[in-house]
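Report on one structure; see the data block that follows.
The values are calculated or read from the model by the stated rules, or taken from the named source; none is laboratory data. Predicted model, so just to flag it, every value in this text is computed and none were measured. Quick reminder, even Gly has a Cβ in these numbers, built from the backbone with ideal geometry, and neighbours come from all protein chains shown. All accessible areas refer to the heavy atoms of the entire protein, side chains included, with ligands and DNA or RNA removed. Shrake-Rupley method; radii C 1.70, N 1.55, O 1.52, S 1.80 Å.
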Amino acid sequence: MAALTQKKTCSQMMDEWKEFVWNPRTREFMGRTASSWALILLFYIVFYAFLTAVFAFSMWVMLQTIDEYNPKYADRLANPGLMIRPKLTTVEIVYNTNGTWKDYTEGLSELLQDYNETVQRERGVSCTPGTYNKQDDNGDVRNNPKKACQFLRTELQNCSGLEDPSYGYSSGAPCVLIKMNKVIHFLPEPMKNVSNTSITISCSGKKLKSAVNETNDENNLLLGPLQYFPSVGNLGRLGTIDLMYFPYYGNRAQKNYTQPFVAVKFLNATRNVDHNVECRVNAANINNQDDRDKFQGRVIFRLRIDS
């Protein structure tokens, strides 16, 4: 009984391990002969080659269904939202007229460099205002690259920064640029009672949630008059985005596409007051009234001018 329970010595264990690695009597390596190892390697080579071939074939079939210029599935909303510039970490413009506005104006100046006339003449073409800039393909023949309509910085007039490098911030009449999010192949329909050749942008004061006794009309009075560039007519009461900037065909097919802006100038906003500003895009096929989605067809931001 004592012999059965006797522990193996270190040399015995090493000898057994060496025999497991290579057994000269049976000519086995780690428990298998050379032919056994060859069959196993051949099996795994064939197995993984088959899996690779199935994966490659599946990818090839999937790629045949993808158009490199047009997404098969669009994850963007059918109702595009709006964004404001200068680009901010938060959707608010808060500054003091004593000089805390330079980050805003530097951001606008950097953005509008691509809208200078020299750049636009090189990148874009003059399009016919008031009509869609459709550039359809002819069957399998691609009409690429597609031309992009020019949007000159001068169209922003008093908000172009050419005459006033401070964009009105130094005088307490700041400019904010509004842009509509790009949606491939989207054709916004103008509201005929306003304009037949463009969609429009309008901004107004909106009641703050914390202001129980405040109304939208009161906030509009505090916000003061607004001026838009470009606009419908000469009064500047509505901003416009011409139909010639639609449709957008995507960055690959239309690399030089220039996104149009509408500039909103706050002429006499009440100082030292929080203004809740809501800007909407007005088009027959864009819903901007859904209270469940505050960013559908609109943008809301806070404006405060301290002095």
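How many residues does the stretch 148-165 contain that are surrounded by fewer than 17 Cβ atoms within 10 Å (Cβ to Cβ) and either more than 17 Å from F261 (Cβ to Cβ) or not aliphatic (A, V, I, L, M) (or both)?
4
Looking only at the stretch 198-219, filter to residues that are closer than 23 Å to K265 by Cβ and open to solvent by 60 Å² or more (accessible area, probe 1.4 Å); which one of those is modelled with the lowest pLDDT?
N216
Kindly check whether there is at least one residue in the stretch 4-23 that is touching a Phe, Trp or Tyr at 6+ places or on another chain (Cβ under 8 Å) and modelled with pLDDT under 75.
Yes: the stretch 4-23 contains one or more residues that are touching a Phe, Trp or Tyr at 6+ places or on another chain (Cβ under 8 Å) and modelled with pLDDT under 75.
Give all pairs with beta carbons closer than 7 Å in which a residue from the stretch 170-197 that is open to solvent by less than 10 Å² (accessible area, probe 1.4 Å) meets a residue that is among the small types (G, A, S); count only pairs at least 6 apart in sequence or on separate chains.
As it stands, the answer is G172/S307; P174/G168; C175/G168; C175/A263; L177/A263; I178/G239; P188/A283, since those pairs meet every condition given.
Check the stretch 69-76 and report whether any residue there is open to solvent by less than 80 Å² (accessible area, probe 1.4 Å), modelled with pLDDT of 80 or more and closer than 30 Å to P188 by Cβ.
No, the stretch 69-76 has no match at all.
List the residue pairs whose Cβ atoms are under 9 Å apart, where the first residue sits in the stretch 1-22 and is more than 30 Å from A34 (Cβ to Cβ) and open to solvent by 90 Å² or more (accessible area, probe 1.4 Å), the second is at pLDDT below 70 and of a type in the set (A, V, I, L, M, F, W, C), and the two are 6 or more positions apart or on different chains.
Partner pairs satisfying both residue conditions: none exist.
Go over the candidates I45, I40, I84 one by one and state the one that is of a type in the set (A, V, I, L, M), part of a helix (DSSP H, G or I) and in contact with a strand residue (DSSP E or B) (Cβ under 9 Å, 6 or more places away or on another chain).
Numbers: I45 fails: in contact with a strand residue (DSSP E or B) (Cβ under 9 Å, 6 or more places away or on another chain); I84 fails: part of a helix (DSSP H, G or I).
Every option except I40 fails the conditions.
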